[in-house]
Structures are given as C-alpha cells and as structure tokens.
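To start, the structure itself, in structure tokens.
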Amino acid sequence: MAEELREAGLRVTAGRIALLQTVRDGDHLGAEAIADGVRGRIGHVSLQTVYEGLQALVAAGLVRRLEPGGWPARFDGRVGDGHHHLVCRACGALADVDRLAGRASCLTAAEDHGFSIEEAEVFFWGLCPACSPARGS
C-alpha cells in the first residue's frame, strides 16, 4: 500500500495506510465506521482527519466515493474496473455488481453536450434480502 500511495503522489503515513486498509477491508463503509477502523489500527484519529484523508485518497483515485441519493456517502476500495452497485431502498445496504461482458454499454452517452465525460456511475435500486418481503408463489 505504501507504494500505491507513493505512485499516486501522496505522502506515506501510518494514518493513510490504515485508512486505505480499512476502506479495502470494509464493505462500503461510511466515514464514521472508517474512523473506528482506523482507530483500531493506529489509535486516536479525529473524524476531520479521516475526512481529509478520504478526500486525498479519492482525488488520487485509490478510493471511490459513492453517494447514492438519500444516503450518506460511502467509500469503496475497489476502483478502476467500472463495477456498479446495488442499493437497498429500505436500509441502504450496498453491494458490488460486475458489468456484463460482451453487452452494449448503457454507459455511453448518446449526446455529450460538449462535456468531456470521464466516467459513469450506475446504482441499481431495490430491496436487499433482509428487507425483501417473503416471496410467495
């Protein structure tokens, strides 16, 4: 992880390594859960420091910030593969969904309106197994 931080132009610190490890070991954690994980690895760290560290990791492309509408931001350590996410409307659970290979992409805009498009983000919405009503018949 130290080498990844260096290659991204970031200073290598115990805090940044703990932050990146916590995000990657977690499952779409929010900032407070990440702060708890970092504290478990290196001791006291402020929530503000965690937010600043996350911002640096996101800017460097090492972490992805997910902001599904109506839910607090979450952070994903799986970057660079263009995967999508499932979001539970009831509890906010997030799950990774791989793109289908060999299918026409729904991520190509029909019109760019002069924008220089860098990426597309897809959230599939529904109910997770814990929140889904029992399926009869």
>> Here's a check for you: in segment 1-48, which residue that is in contact with a strand residue (DSSP E or B) (Cβ under 8 Å, 6 or more places away or on another chain) and hydrophobic (A, V, I, L, M, F, W, C) is surrounded by the most Cβ atoms within 10 Å (Cβ to Cβ)?
In response: VAL23
>> Can you tell me which residue is nearest to ILE17 (Cα to Cα) among those in segment 30-80 that are in contact (Cβ under 8 Å) with a residue 12 or more places away in the chain and charged (D, E, K, R)?
In response: ARG41
> Are there any pairs, at least 6 apart or on different chains, whose C-beta atoms fall under 6 Å, with the first in segment 1-24 and over 20 Å from LEU47 (Cα atoms) and the second of a type outside the set (S, T, N, Q) and assigned to a helix (DSSP H, G or I), and if so, which?
Replying inline: MET1/ILE17; MET1/LEU20; LEU5/ARG16
> Is it the case that segment 67-88 has a residue that's in a helix (DSSP H, G or I), among the small types (Gly, Ala, Ser) and either at pLDDT 95 or above or within 14 Å of the chain's Cα centre (by Cα) (or both)?
Replying inline: no
> Within the set of pairs 6+ apart or on separate chains, which have a first residue in segment 100-124 that is modelled with pLDDT of 80 or more, a second that is surrounded by 10 or more Cβ atoms within 10 Å (Cβ to Cβ) and of a type in the set (D, E, K, R), and C-beta atoms under 9 Å apart?
Replying inline: GLU121/ARG64; GLU121/GLU67; VAL122/ARG99
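Table: residues versus (1) touching a Cys at 6+ places or on another chain (Cβ under 7 Å); (2) within 24 Å of TRP125 (Cβ to Cβ); (3) outside any loop (DSSP other than H, G, I, E, B).
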{"position": "VAL45", "(1), (2), (3)": "no, no, no"}
{"position": "LEU54", "(1), (2), (3)": "no, no, yes"}
{"position": "VAL58", "(1), (2), (3)": "no, yes, yes"}
{"position": "CYS91", "(1), (2), (3)": "yes, yes, no"}
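The values are calculated or read from the model by the stated rules, or taken from the named source; none is laboratory data. Just so you know, these numbers come straight off a predicted model, no measurement behind them. All Cβ positions, even for glycine, are placed from backbone atoms using ideal geometry, and neighbour counts span all protein chains on display.
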